[in-house]
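Okay, so here's the structure we're looking at.
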Amino acid sequence: MSPLAITATLIALVGASTLIGLVWRATTGRIHEVVPSNERIHVSELLAGAVAGSSATLLQFSTEFCSPCRTTNSLLGELATEFPGITHVDVDVTSRPALADRFSLLQSPTTFILDSTGTVRARISGAPRIADLRAELSRIREAA
Amino acid sequence: MTASKPIPASKQALVVQPGDRGIDPRGPRFSAGITAVLLLLVIGLSLSGATAPAATLRERAGQPAFILFAVITVLFVWGASAGVSRHPYGWLYRTLVRPRLGAPTHLEDPTPPTFSQGVGLVVTLFGVVLHLAGVPYGLVIFAAVAFIAAFLNSVFDYCLGCQIYLLLLRAGVIRLKADASA
């Protein structure tokens, strides 16, 4: 390959990678509303001592070697103290692949927003966007 | 340790516990950046050579692009086993870069970045094996994959390990010793 062609290839590689990064940034952490199903999740079955919130539960699934999971854990914990009626439950699925299958988890962290009956109303893949989540939780609080 | 600025709430859980050695969180991203640049060099060198793979194993092993790629792979082995704190790039960061930056707002647990080194190792090992086996463009393809991962990590703080760990877990590729008793 000529030096020019090689340079062009490398630039294209960097360009494509930048594009991937920007697309990822734009899409990660978004709240995706879910059509309510009949399935009810009882968090106490997933994690001993877990308590569902009276208005909503932030159910987070994490794995062991995952920095964004820890960041999300802090964030959701803070939000749970800020909004009474909303609790945060963090389930480590590192050694529980069956759970990961049951909820079709593709990446960690994945967060479900459960309503008061334990029905999944929304899914968030990746570290949640703080502003969007806060707005969503305010909306839930107002509706309650 | 007194902090001049409060640690952002989102980063609280990453803060290393008192008594554990933590790392400056910018260090791994610096390392990923160096790796990305070196991988670009590998790809450039590889593309500037002949298109067909060299005939003998010895010739393939002696190509500059491969030698550099092998060095990168060894560095991943180092990072994955000794941990990112005891890594040459970590040393470079502490000696050259960090003195020029302000102090970090907090120190983080080195375990997730060390796992990422393992991810890098798997990708580059594929490239090493394919190249030595004489597969055309085996080196270039996997160097490109490794580049994309390192670039995304360095520039966008993207965690490839987080993305694929669950998928590998569900596929049964990763099995933890804890499972034996579960």
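Yes/no per residue for (1) under 28 Å from A:Pro109 (Cα atoms); (2) within 14 Å of another protein chain (Cβ to nearest Cβ):
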site	(1), (2)
B:Thr73	no, no
B:Val77	yes, no
B:Ala82	yes, no
B:Gly90	yes, no
B:Arg94	no, no
B:Pro99	no, no
B:Leu107	yes, yes
B:Thr111	yes, yes
B:Gln117	yes, yes
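Those strands (runs of 3 or more DSSP E) of region A:43-141 in which 3 or more residues are over 12 Å from the mean Cα position of the chain (by Cα) occupy A:86-92.
Filtering region B:91-125 to residues that are under 22 Å from A:Thr71 (Cβ atoms), under 12 Å from the mean Cα position of the chain (by Cα) and of a type outside the set (A, V, I, L, M) leaves B:Pro112, B:Pro113, B:Thr114, B:Phe115, B:Ser116, B:Gln117, B:Gly118, B:Gly120. Of all the criteria given as (1) at the interface with another protein chain (Cβ under 10 Å from one of its Cβ atoms); (2) crowded, with 18+ Cβ neighbours inside 10 Å; (3) out of contact with any Lys or Arg (no Cβ under 8 Å at 6 or more places or on another chain), the one not satisfied by A:Ala98 is (2). One residue stands out in region B:139-158 among those that are surrounded by fewer than 22 Cβ atoms within 10 Å (Cβ to Cβ), in contact with a Lys or Arg (Cβ under 7 Å, 6 or more places away or on another chain) and in a helix (DSSP H, G or I): the one that is farthest from the other protein chains (Cβ to nearest Cβ), namely B:Ser154. Among all positions in region A:31-52, there is no residue which is touching a residue at least 12 places away in the same chain (Cβ under 8 Å), within 14 Å of another protein chain (Cβ to nearest Cβ) and surrounded by 14 or more Cβ atoms within 10 Å (Cβ to Cβ). The single condition among (1) in contact with a helix residue (DSSP H, G or I) (Cβ under 7 Å, 6 or more places away or on another chain); (2) under 26 Å from A:Gly29 (Cα atoms) that B:Gln163 does not meet is (1).
Within region A:27-34, one or more residues are part of a helix (DSSP H, G or I), under 30 Å from B:Leu40 (Cα atoms) and out of contact with any Asp or Glu (no Cβ under 9 Å at 6 or more places or on another chain). Filtering B:Pro136, B:Pro113, B:Pro53 for residues that are crowded, with 17+ Cβ neighbours inside 10 Å and not in a helix (DSSP H, G or I) leaves a single hit, B:Pro53.
Quick check on my filter: what residues within region B:59-90 are closer than 20 Å to B:Leu40 by Cα and over 18 Å from the mean Cα position of the chain (by Cα)? Correct list: B:Arg60, B:Ala61, B:Gly62, B:Gln63, B:Pro64, B:Ala65. Of the residues making up region A:53-95, just one is buried (at least 22 other Cβ atoms within 10 Å of the Cβ), more than 9 Å from chain B (Cβ to nearest Cβ) and touching a Phe, Trp or Tyr at 6+ places or on another chain (Cβ under 7 Å), namely A:Leu59. Sub-9 Å Cβ pairs linking a first residue in region A:1-20 that is more than 7 Å from every other protein chain (Cβ to nearest Cβ) to a second residue that is β-branched (Val, Ile, Thr), at least 6 apart or interchain, are A:Ala16/B:Ile148; A:Thr18/B:Val155, ordered by first then second residue. Listed conditions (1) loosely packed, with under 14 Cβ neighbours inside 10 Å; (2) closer than 11 Å to A:Gly29 by Cβ are all met by A:Arg139, apart from (2). Within the option set B:Leu68, B:Leu75, B:Leu92, being modelled with pLDDT of 85 or more and either surrounded by 20 or more Cβ atoms within 10 Å (Cβ to Cβ) or in a loop (DSSP other than H, G, I, E, B) (or both) holds for one residue only, B:Leu75. Quick test of your reading of the structure: A:Glu64 fulfils all but one of (1) at pLDDT below 90; (2) touching a Cys at 6+ places or on another chain (Cβ under 9 Å). Name the failing condition by number. The single condition A:Glu64 does not satisfy is (2).
With respect to the conditions (1) within 22 Å of the chain's Cα centre (by Cα); (2) over 17 Å from A:Ser62 (Cβ atoms); (3) at pLDDT below 90, B:Ala144 lacks only one, and its number is (3). Of all residues in region A:21-30, how many are buried (at least 16 other Cβ atoms within 10 Å of the Cβ) and more than 8 Å from chain B (Cβ to nearest Cβ)? Of the residues in that region, 2 qualify.
The values are calculated or read from the model by the stated rules, or taken from the named source; none is laboratory data. Keep in mind that this is a model prediction, so the values were computed, not measured. Reconstructed Cβ throughout: ideal geometry from the backbone, glycine too, with neighbour counts over all protein chains shown.
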